[in-house]
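I have placed the structure first, in the form of structure tokens, so that the comments after it can refer back to it.
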Amino acid sequence: MKRAIFPGTFDPFTIGHSSIVDRALTFMDEIVIGIGINENKNSYFPIEKRVEMVQELYKDEPRIKVMSYNCLTIDFAQQVNAKFIVRGIRTVKDFEYEETIADINRKLAGIETILLFTEPELTCISSTIVRELLSYKKDISRFIPKGLKITD
């Protein structure tokens, strides 16, 4: 079974979060949405309410589980037996940061990271983004799901 986690402080009102989960379901058997508990961060909704809202959002999708966690992401992934971490990226800086973290997660725990763009045009990656990433000498091929096309 291909199980992935989508970790973070998932907010159902943030553009891109639910789209990332929906897209990841096209090539994963199950997604565990992990809502991290960060006592140092003020949030509009308490953790219990956030979990409840996300569960409501996905109540008709049996392949999604919603949980809170208070540990390292790789430890949470291992607790729920996930072999993949799904992360959303918006900018080249996000890409560079997430790529570095992905390498660390792979080396420390053998967990692969799948990076997906959170832009509204979720069915393609624009040539502008591709050119920008390539100008940084980034190999983006391993981050593009097989069903995704690169378009102009």
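The values are calculated or read from the model by the stated rules, or taken from the named source; none is laboratory data. None of the values given here were measured: they were computed from a predicted structure. Cβ: placed from backbone, ideal geometry, glycine included. Neighbour counts: every protein chain shown.
Observations on the model:
- Residue count, the stretch 28-54 (criterion: farther than 30 Å from residue 106 by Cβ and either exposed (fewer than 12 other Cβ atoms within 10 Å of the Cβ) or modelled with pLDDT of 90 or more (or both)): 5
- Only residues that are of a type in the set (S, T, N, Q), touching a residue at least 12 places away in the same chain (Cβ under 8 Å) and under 20 Å from residue 19 (Cβ atoms) were counted across the stretch 67-118, and they come to 2.
- Long-range neighbours under 7 Å by Cβ, at least six apart or interchain, first residue under 13 Å from residue 17 (Cα atoms) within the stretch 53-64, second modelled with pLDDT of 90 or more: 54/33; 54/66; 58/64; 58/66
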